[in-house]
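First the structure, in the form of structure tokens, and then the observations on it.
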Amino acid sequence: MVSAALELAERALLEERRALTPDEVRAVAARPLDELPDLIALAHRVRLVYCGSEVELESLVNAKSGACPEDCAFCSQSVKFDTGVDVYAFLDLDEVVDAARATKAAGATQFCIVVAVRGPSERLLDRVIEAVDAVHDETGLEVACSLGLLTSAQAARLAAAGVRRYNHNLEAPRAVFPEICTTHSWEDRVATAQLAIDAGMELCCGGILGMGETLDQRIDFMFELAALEPTEVPINLLDPRPGTPMGDRTPITAREALQAIALFRLVLPGAWLRLAGGRERVLGELQGMGLLAGANALIVGNYLTTGGRSPDEDHALLDALGMPVADGPGEGRFVVDATGTHKLPARPPRPTIPVTTA
Ligand code: SF4
């Protein structure tokens, strides 16, 4: 029998079309993990109704690696930790464009230029914008950037260059962040996320699960993110990096991860929920279950400092699930407005997963 908490969540999201309250989400999360299939089934229905069955694919290029002055405890690119990660300055333009071509060949529509810095210098920003122009010209891909903390003038320059989406994760719940990073604050991160929106870019803002937060704090985090109305929420699952202060942490279990993904879908019904770093290690053979638990976007190929699996495997998985690859970000889709009323996607939702025939 489905629990009363889940029935209430279903009624709120699918009939009343209203956002859940934190208490309502906590009631769902309090159900035993043995009831996870019921939660996953609801999250999947919510995803289909609000977003349809498409899955958005994105690849990253680590365009400037290592030697970051910040001290984020999970990150192998911090100069503070001895991790043996590659250290290099901003790639040549040709290398960035080659990575974008590989992204296109992998069937992705989103290409994200990432640099390991506190925030970009003007010189670095010039080079990034040059790369954005070249990627647009050579591939036609949608370009996102992840360049750390921005000024409003820098955000405006990126928006003017046609950067569609800016990634700036909050990383952890507000209450946990000071244990993760001491060189900048959670509020600094929120401020840059807001600047990106104010400049007219879509916001990509998520974090990493499994850095010591409690389930309650994880739910707080979902609502902290929802308050920013992000277009995309990357969900990373801590894959402890040797040499970092979190190098000996135990990753969360696959069932905890699936519960979190499903709860994210209930809290952010209209967002692109992207399974990102750590999905292979934490979810293992259950990665398809992650896409049935509410996720509707993937990073394909490699991550910033760790390898991913081959894009062919992800395409085969999507084929098996009958989930088509999204052909682009889709203007105005999946927007949650400030009142918490969830707009329907611009395209008609597909009520069921279409069955593909060979
Ligand atoms: S700011 Fe980014 S690159 Fe630098 S240590 Fe933190 S997570 Fe790593």
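The values are calculated or read from the model by the stated rules, or taken from the named source; none is laboratory data. Nothing here was measured: the structure is a model prediction, and the numbers come from that model. When we count neighbours, we look across all protein chains shown, and the Cβ atoms used for this are built from the backbone with ideal geometry, even at glycine.
Scan region 164-197 residue by residue and report those that are crowded, with 21+ Cβ neighbours inside 10 Å, of a type in the set (Val, Ile, Thr) and under 21 Å from Ile219 (Cα atoms). Correct list: Ile180 only.
Quick one: in region 241-271, which of the residues that are free of Cβ contacts under 8 Å to residues at least 40 places away in the same chain and closer than 24 Å to Pro178 by Cα is surrounded by the most Cβ atoms within 10 Å (Cβ to Cβ)? Don't jump to the end; show me each part of the working.
The initial filter retains those residues of region 241-271 that are free of Cβ contacts under 8 Å to residues at least 40 places away in the same chain, namely 247-250, 253-254.
Pick out the ones that are also closer than 24 Å to Pro178 by Cα and you get 247-250.
On the way: Gly247: 14, Asp248: 8, Arg249: 17, Thr250: 8.
If we take residues in region 241-271 being free of Cβ contacts under 8 Å to residues at least 40 places away in the same chain and closer than 24 Å to Pro178 by Cα, then Arg249 is surrounded by the most Cβ atoms within 10 Å (Cβ to Cβ).
To keep it simple, each residue is scored yes or no on (1) in contact with a Leu (Cβ under 6 Å, 6 or more places away or on another chain); (2) closer than 27 Å to Gly247 by Cβ; (3) touching a residue at least 60 places away in the same chain (Cβ under 8 Å).
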position: Asp133; (1), (2), (3): no, no, no
position: Arg189; (1), (2), (3): yes, yes, no
position: Gly207; (1), (2), (3): yes, yes, no
position: Glu224; (1), (2), (3): no, yes, no
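Counted as qualifying within region 181-289 are the strands (runs of 3 or more DSSP E) with 2 or more residues that are under 23 Å from Glu10 (Cα atoms), namely 232-237, 272-275.
The single condition among (1) in contact with a helix residue (DSSP H, G or I) (Cβ under 8 Å, 6 or more places away or on another chain); (2) within 30 Å of Asp248 (Cα to Cα); (3) aliphatic (A, V, I, L, M) that Ala108 does not satisfy is (2).
Among residues of region 85-112 that are under 18 Å from Ala297 (Cβ atoms), those with a Cβ under 9 angstrom from a residue that is assigned to a loop (DSSP other than H, G, I, E, B) and acidic (Asp, Glu), sequence gap 6+ or separate chain, pair up as Thr109/Asp327.
Is it true that some residue in region 290-298 is more than 15 Å from Ile40 (Cβ to Cβ), of a type outside the set (S, T, N, Q) and part of a loop (DSSP other than H, G, I, E, B)? Let's see the steps before the verdict.
Residues of region 290-298 that are more than 15 Å from Ile40 (Cβ to Cβ), as a first pass: 297-298.
Pick out the ones that are also of a type outside the set (S, T, N, Q) and you get 297-298.
Remaining after also requiring part of a loop (DSSP other than H, G, I, E, B): none.
No: zero hits.
Tell me, please, whether a residue that is modelled with pLDDT under 90, crowded, with 19+ Cβ neighbours inside 10 Å, within 16 Å of the ligand (Cβ to nearest atom) and of a type in the set (Phe, Trp, Tyr) can be found in region 37-50. No - not one qualifying residue is present in region 37-50. Selection of region 179-199 for residues being away from the ligand (no atom under 11 Å from the Cβ) and among the hydrophobic types (A, V, I, L, M, F, W, C) yields Trp186, Val190, Ala191, Ala193, Leu195, Ala196, Ile197, Ala199. Scanning region 120-149 for residues that are at pLDDT 90 or above and on the phi > 0 side of the Ramachandran plot returns a single hit, Gly148.
Report the residue count in region 66-107 for those that are within 16 Å of the ligand (Cβ to nearest atom), surrounded by fewer than 21 Cβ atoms within 10 Å (Cβ to Cβ) and not in a loop (DSSP other than H, G, I, E, B). Number satisfying all stated conditions: 1. Evaluated against (1) surrounded by 21 or more Cβ atoms within 10 Å (Cβ to Cβ); (2) without any contact (Cβ under 8 Å) to a residue 40 or more places away in the chain; (3) within 16 Å of the ligand (Cβ to nearest atom); (4) not polar (S, T, N, Q), Pro234 falls short on exactly one condition, (2).
Scanning for something part of a loop (DSSP other than H, G, I, E, B) and among the small types (Gly, Ala, Ser), does region 124-140 turn up at least one residue? The answer is yes; a qualifying residue exists.
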